[in-house]
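The block underneath contains the structure these notes are about, expressed in structure tokens.
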Amino acid sequence: MNVLIVGSGGREHAIAASVAKSPRADKIFCAPGNAGIAEYAQCVPIGAMEFDKLRDFAKENAIDLCIVGMDDPLVGGLVDVLEEAEIRTFGPKKNAAILEGSKAFSKDLMKKYNIPTAAYENFTDPKAAVAYLETAKFPIVLKADGLALGKGVLICKDLEEAKAGVKEIMLDKKFGTAGNEMVIEEFMTGREVSVLSFVDGKTIKTMTSAQDHKRAGDGDTGLNTGGMGTFSPSPFYTKEVEEFCEKYVYQATVDAMAAEGRPFKGVIFFGLMLTEDGPKVLEYNARFGDPEAQVVLPRMKNDILEVMEACIDGTLDQVDLQFEDNAAVCVVLASEGYPVSYEKGFPITGLEEFKKHEGYYCFHAGTKFDGDQIVTNGGRVLGVTAKGKDLKEARANAYAATEWVNFKNKYMRHDIGKAIDEA
């Protein structure tokens, strides 16, 4: 099979590495890709939102399967464009990707179909939002409705902060048009768990659990980022939690989307909060998480192409999805100053060390070639992932491996997986 992967981050690198392991993969292309993905795929200079160019490239290069890794092209309708051109594509169509594309839509869906989530209200008028906040219980959560790179969520401890938050999202448009509508939600407390799943429109099969660390600094301080590290599986995702979610969340979401005439095919990412009142859905994503994919995919035993084809063909019920009985931890190496401002273009050394060790991976998030040298090209630069027999061993391995690779202004959190010690 000729395969085209759309995207340029650590998630797409993890997908490319999995595709490369499949005996069915012949030529692999990635648009636009990065310096790490280039090891497995021919990178082509087409942006993820250049739908016509992607379609034309896929036709010219006899692409048998296109895998859309990123949220923007999914929400924008890339799958529809490719399928109209008879190119088999893994990912939800535009009318299903709205599950991630609009927080207001997903909250309304959960309310309608009794899927457990936090109490909320949707607002398009900033004045009405402020009036509601004047009677609300604090702390409270404000969410920009649209896509905001995982950063459009503000937790406000009092009315003053909340008013400033409304201004930031709806008036100053800090997150662009994502802030045209806003969700105000009750603040939930508990452990967060991420569960990725494959879906074929009617059947859902969940992958192993994971937990992400969103804040930039140690001790969960600083600004929200796209994710500074993750571990899998989550020790807090017990059999009991899984059974509850299977009964009230997973299949219920797939059935709800089908009932709405928006059958979902691809990956649904469930962000869960384990509250005192039981698990509740924090958010949905319509694709693999980043960096969750970097700890989940290396542990998957199945041929990823077979699973993705089953999702497209509606035969996922025939797949026995299996994961290794071990653990993985990913520590993100970022540029100092991320997520605000940072310099790029610094040479990276030590990448070859990963080839010498089984169960260690270095997924490129923001890198590029400068001549034949690989240099930094983003806020999140690399995702250093290691496996171990359990979470503690995997964490020790991952942190040891962060020492192998260096670049100027390298920055990381030192407490990824600290929750493991509390389990």
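The values are calculated or read from the model by the stated rules, or taken from the named source; none is laboratory data. Everything numeric in this text was worked out from a predicted model, so none of it was measured. Glycine also receives a Cβ, built like all others from the backbone with ideal geometry; neighbour counts cover every protein chain displayed. With ligands, DNA and RNA removed, areas are computed over all heavy atoms of the protein, side chains included. Shrake-Rupley method; radii C 1.70, N 1.55, O 1.52, S 1.80 Å.
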Given the candidates A31, P45, A14, the one whose Cα lies deepest towards the positive end of the charge dipole of the range 1-69, counting +1 at each Lys or Arg C-beta and -1 at each Asp or Glu C-beta, is A14
Projected onto the charge dipole of the chain (unit charges on the beta-carbon of Lys, Arg, Asp and Glu, signs +1, +1, -1, -1), the Cα from V267, A423, H357 with the largest positive-side position is that of H357
To the nearest 20 debye, the chain has a Cα-centred charge dipole, built from +1 on Lys and Arg Cβ and -1 on Asp and Glu Cβ, of 440
Heavy-atom accessible area of the chain with neighbours in place, 1.4 angstrom probe: carbon+sulfur share in percent works out to 48
Taking every other residue with Cβ under 11 Å from the Cβ of A129 and scoring Lys and Arg +1, Asp and Glu -1, one gets -1
Rounded to the nearest 10 Å², the accessible area of M188 using a 1.4 Å probe with every protein chain kept is 20
From DSSP H assignment alone, runs of 4+ in the chain each adding -39500 (n - 2.57), the sum over residues rounded to the nearest 500 puts [θ] at 222 nm at -7500 deg cm²/dmol
Checking rank on 328-338, 230-240, 56-66, with mean other Cβ inside 10 Å and highest first, the result is 328-338, 230-240, 56-66
Per the 1/(1 + (r/R0)^6) rule, R0 = 35 Å and r from the Cβ atoms of Q318 and E343, FRET efficiency to 0.05 is 0.10
Contour minus Cα-Cα span, K167 to E242, at 0.36 nm per residue, comes to 23.1 nm
Length gained if K127 through E353 is fully extended, taking 0.36 nm per residue and subtracting the Cα-Cα distance, is 75.7 nm
For the chain, dividing by residue count, accessible area per residue (probe 1.4 Å) in Å² works out to 41
Accessible-area order for L99, L171, largest to smallest, probe 1.4 angstrom, reads L171, L99
Ranking L149, L109 from most to least accessible area with a 1.4 Å probe gives L149, L109
Quick tally, 1.4 Å probe accessible area for E84, E168, E192, sorted with the most first, runs E84, E192, E168
Given Cβ charges of +1 for Lys and Arg and -1 for Asp and Glu, the option among T315, G379, L282 whose Cα lies farthest towards the positive end of the dipole of the chain is G379
Here, R88 and T135, labelled 7 Å along Cα→Cβ, have an inter-label distance in nm of 5.5
Any lysines whose Cα falls less than 19 Å from that of K387, other than same-chain ones fewer than 8 residues away, would be K21, K301, K355, K356, K418
Candidates for Rg and Dmax of the Cα atoms in Å are (1) 21.2, 74; (2) 20.6, 60; (3) 23.0, 71, and the calculated one carries label (2)
For the range 216-321, the Kirkwood Rh over every pair of distinct alpha carbons, in Å, works out to 16.0
Relative contact order as a percentage, the chain, C-alpha pairs under 8 Å and 6+ apart, gives 16
The size of the Cβ-based charge dipole (Lys, Arg +1; Asp, Glu -1) of the range 271-349 about the Cα centre, to the nearest 20 debye, is 320
Partner lysines whose C-alpha sits under 25 Å from that of K127, ignoring same-chain residues fewer than 8 away, are K103, K107, K111, K137, K143, K151, K157, K163, K167, K173, K174
Packing-ranked peptide list from 301-307, 273-279, 252-258, highest mean Cβ count within 10 angstrom first, is 252-258, 301-307, 273-279
Answer in debye to the nearest 20: the dipole magnitude of the range 100-195 about its Cα centre, from +1 Lys/Arg and -1 Asp/Glu charges placed on Cβ, is 140
In order over the range 370-380: 3J(HN,Hα) from phi, Karplus 6.51/-1.76/1.60, θ = phi - 60°, whole Hz, x for each Gly or Pro, gives 10, x, 9, 9, 8, 10, 5, 8, x, x, 8
